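Working notes, structure below.
The values are calculated or read from the model by the stated rules, or taken from the named source; none is laboratory data. Predicted, not measured: the structure shown is a model, and the values here were computed from it. We place every Cβ from the backbone using ideal geometry, glycine too, and count neighbours over all the protein chains shown. Heavy atoms of the whole protein, side chains included, go into the accessibility calculation; ligands, DNA and RNA do not. Shrake-Rupley method; radii C 1.70, N 1.55, O 1.52, S 1.80 Å.
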Amino acid sequence: MYDIVKQIHSGWAILAFFLLILVVVNSTIGLLTKKEFTPWDRRVGIMGLIGTHTQLLIGLILYFVSPLGFSSLGNMSDKALRMTSLEHPLINIIAITLITIGWSKHKKITESNKKFKTFLIFYGLGLILILSRVPWGLWQSSL
């Protein structure tokens, strides 16, 4: 089961990265060109939100079935174990929380420019945090 969930988590990560990059690029273009916020822009934002939340759910399942996850929390002196059992999940939960806050805040805003700015800030920060805590060595070996 561990290997299957690990493969799903690794594969879905590619889709989640793509969706977050799409939201950030779309928001940047919308902000710079001062275009109106359309249903397409809203759909792009919700796809990024759903993609990251799905990745979080898969990651939480993986965390509890993985030998590198919850069961290794006592060994924080090992850098690789600390990354997979503490830093990666914690920072990514914070990142997904920021993305969720950005989604919630944009719904209360009426001006297109501010909607794009909200997406750019919150989804952009989430993307940066996620990229900062990807265990690149483990991820590349699992693909």
Quiz item: Stretch residue 94-residue 61 to full length: gain in nm at 0.36 nm per residue minus the Cα-Cα span?
Solution: 10.1 nm
Quiz prompt | Debye, to nearest 20: dipole size of the range 1-120, +1 on Lys, Arg Cβ, -1 on Asp, Glu Cβ | solution = 580
Quiz item: Taking the Cα atoms of the chain alone, what are Rg (to one decimal) and Dmax (as a whole number) in Å?
Solution: 16.5, 51
Practice problem: Please give every one of the aspartates and glutamates within straight-line cross-link reach of residue 79, meaning a C-alpha to C-alpha distance under 12 Å, and leave out same-chain neighbours fewer than 8 residues apart. | Solution: 87
Quiz item: When the helices in the chain are scored as -39500 (n - 2.57) per DSSP H run of 4 or longer and the sum is shared across all residues, what 222 nm value do you end up with, to the nearest 500 deg cm²/dmol?
Solution: -26500 deg cm²/dmol
Quiz item: Helix hunt in the chain: which complete DSSP H runs extend at least 20 Å axially by C-alpha with mean Kyte-Doolittle at least 0.5?
Solution: 2-33, 39-65, 112-132
Quiz item: How high is the FRET efficiency from residue 134 to residue 46, r the C-beta distance, R0 30 Å, rounded to 0.05?
Solution: 0.80
Quiz item: Heavy-atom accessible area of residue 103 with all protein chains present, probe 1.4 Å, nearest 10 Å²?
Solution: 20
Quiz item: Straight-line reach from residue 114: which lysines have a Cα under 19 Å away, not including same-chain ones fewer than 8 places off?
Solution: 34, 35, 105
